[in-house]
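Bear in mind that the values in this text are calculations on the coordinates, not laboratory data. Here the structure is a predicted model, which means the values were calculated and not measured. Please note: Cβ atoms are built from the backbone with ideal geometry, for glycine as well, and neighbour counts cover all protein chains shown.
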Amino acid sequence: MKEGAAGEEIGLDLGATLTKAVVIEADAPLTDFSSYLFPSGDRASIAAFLARWKDPLLSATGAGARRLARQFTGERPVVIADEFEAWGLGEEALLDGAGFVPSTPHLLVSLGTGTSILRVERGGKVVRVGGTGLGGGTLQGFGRLLLDEPDYDTLSSLAAQGDRRRVDLLVRDLYSAGEIPLSGDLTAANLGRVASRDPRDLAHAIVGLIGENVGLLAGALARSDGAQPPLDIVYAGATLRANSALRDVLAFVTSLVGATARFLPHGEFVGAIGALVAARRLRP
C-alpha cells in the first residue's frame, strides 16, 4: 500500500496497553488490511503514524478513542465506535477467512489488558455477559514483580519454554490416584507449590493462572443457559499474540467444560476492523 495516498481507511483500537491499527484502501475487502501495533502510551508514534496518511476515513474504538478525537479537533473527523459493537462487527468480518463457523449464539472473549466476555446473538447482536481483571496486564504485572521482566514478548517466549507443574500445586500433589474423582493433572492452587524459581516455569505459571481462570469463567458462561452442547467460545485479543502457552491452557480448560475453543485469526485487530465497519455503515 502506498503511504500518503488519498482514500485510505484507518481503524484503531486504543486499549490500555496497546493501540492496534489497520489500514485498508478505500472500499477494499476488509480482509485486505495492513496492521500496526503501538504502545498506547507512545502518543508521539501514534500521531506520526496517522500523519503519514492524507485525509483518511478515520475510525476508533477502545478506551483512548475519545482522547484521540479530542486530539484532532478541528483537523480531521474521527468516527467513534462503541467498543463491544466494534468487537462483534470485527469478528463477523474476520470469520470470513477463519476456517470455522462458531455456534449461534456463541461467546467472544476479548483478552486485552483485562478480559471481557461477550455473547454474540443471532443477527450479530452483542451483549457483555462477564469479564475479569485478569489479562495481559496481569502477565506484565506479575512478570515485573516476580521476574523483573515487564516485556510481553519476552514473557510469552519464556512461558512457552516452561513447565508450570513445578510451580502450581496439582491435584496429584495432594491425592493418590483414585482418592478423588478428579484428574491428577488439574491445578489445585495456582502458584501453590513453587518448587522451581526458573523464570521459564514462573512465566508459564503466570500464564496458567490467567488462562485457567479466563477459560473456566468463559466455560461457565457457555453453559449458563443450559445450552447442550455448551456454546462455542471464540478467543481473540492482543494477549493471545505470539502466546502459544496461553492458547494451550485456554484450549485445555475450555475442553474440560465440554465447550469448543476457537481462536480468531488476526484476533488482536478485531476491534480496529470493527471500528472501520461501523464507520463504513455511517457513510451516505
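A helix-only calculation puts the chain at -11000 deg cm²/dmol for mean residue ellipticity at 222 nm, using -39500 (n - 2.57) for each DSSP H run of at least four residues, averaged over all residues. Applying 1/(1 + (r/R0)^6) with R0 = 51 Å to the Cβ-Cβ distance of Leu146 and Asp55 gives a FRET efficiency near 0.60.
Spin-label model, Phe263 to Ala188: label points 7 Å out along the Cα-to-beta-carbon direction sit 3.1 nm apart.
Summarising the label geometry, the points placed 7 Å from Cα in the beta-carbon direction at Arg283 and Thr154 lie 4.4 nm from one another. What longest region of the chain stays clear of GluC sites (Glu not before Pro) that DSSP places outside H, G, I, E and B and that have at most 13 other Cβ atoms within 10 Å? The longest uninterrupted stretch comes out as 180-284. Applying 1/(1 + (r/R0)^6) with R0 = 45 Å to the Cβ-Cβ distance of Asp198 and Asp27 gives a FRET efficiency near 0.30.
Here each label is just a point 7 Å from Cα along the line to Cβ, and for Val127 and Ala242 those points are 3.9 nm apart. Of the residues Gly124, Leu191, Val171, the one whose Cα sits farthest toward the positive end of the charge dipole of region 82-196, with +1 on the Cβ of Lys and Arg and -1 on the Cβ of Asp and Glu, is Val171. Using a Gaussian network model of the chain in which every pair of alpha carbons under 10 angstrom is joined by a spring, one finds that among Gly114, Gly11, Gly162 the greatest mean-square fluctuation is at Gly162. Put +1 on the Cβ of each Lys and Arg and -1 on the Cβ of each Asp and Glu in region 106-263; which of Val207, Val109, Leu134 then has its Cα farthest toward the positive end of the dipole? Comparing the listed Cα positions along the dipole, Val109 ranks first.
With both partners inside region 106-263, how many of the DSSP beta bridges are antiparallel, as a percent to the nearest 5? Around 65 percent antiparallel, to the nearest 5. Near Ala203: Cβ cut-off under 14 Å, other residues only, Lys/Arg at +1 and Asp/Glu at -1. The net charge is -3. Taking every DSSP bridge with both residues inside the chain, close to 65 percent are antiparallel. For a Förster distance of 41 Å, can you work out the FRET efficiency between the beta-carbons of Phe100 and Gln161, rounded to the nearest 0.05? For R0 = 41 Å, the calculated efficiency reads 0.90. The charge dipole of the chain, taken about the Cα centre with unit charges on the Cβ atoms of Lys, Arg (+1) and Asp, Glu (-1), comes to about 440 debye, rounded to the nearest 20. Summary of packing: across the peptides 272-281, 146-155, the per-residue average of other C-beta atoms within 10 Å ranks them, highest first, as 272-281, 146-155. This model, with +1 at the C-beta of Lys and Arg and -1 at the C-beta of Asp and Glu, gives region 104-173 a dipole about its Cα centre of some 480 debye.
Scaled against 2.2 N^0.38 Å for its residue count N, the alpha carbon radius of gyration of the chain is 1.07. On full extension, the segment bounded by Ala227 and Phe72 gains 51.2 nm, given 0.36 nm per residue less the C-alpha separation. Between the helical axis of 152-161 and the longest alpha-carbon principal axis of the chain there is an angle of about 30 degrees.
Computed about the Cα centre, the dipole magnitude for region 106-263 is approximately 400 debye when only Lys and Arg (+1) and Asp and Glu (-1) carry charge, each at its Cβ. Among the trypsin sites (Lys or Arg not before Pro) within region 65-139, those in coil by DSSP and having at most 14 neighbouring Cβ atoms inside 10 Å are Lys125.
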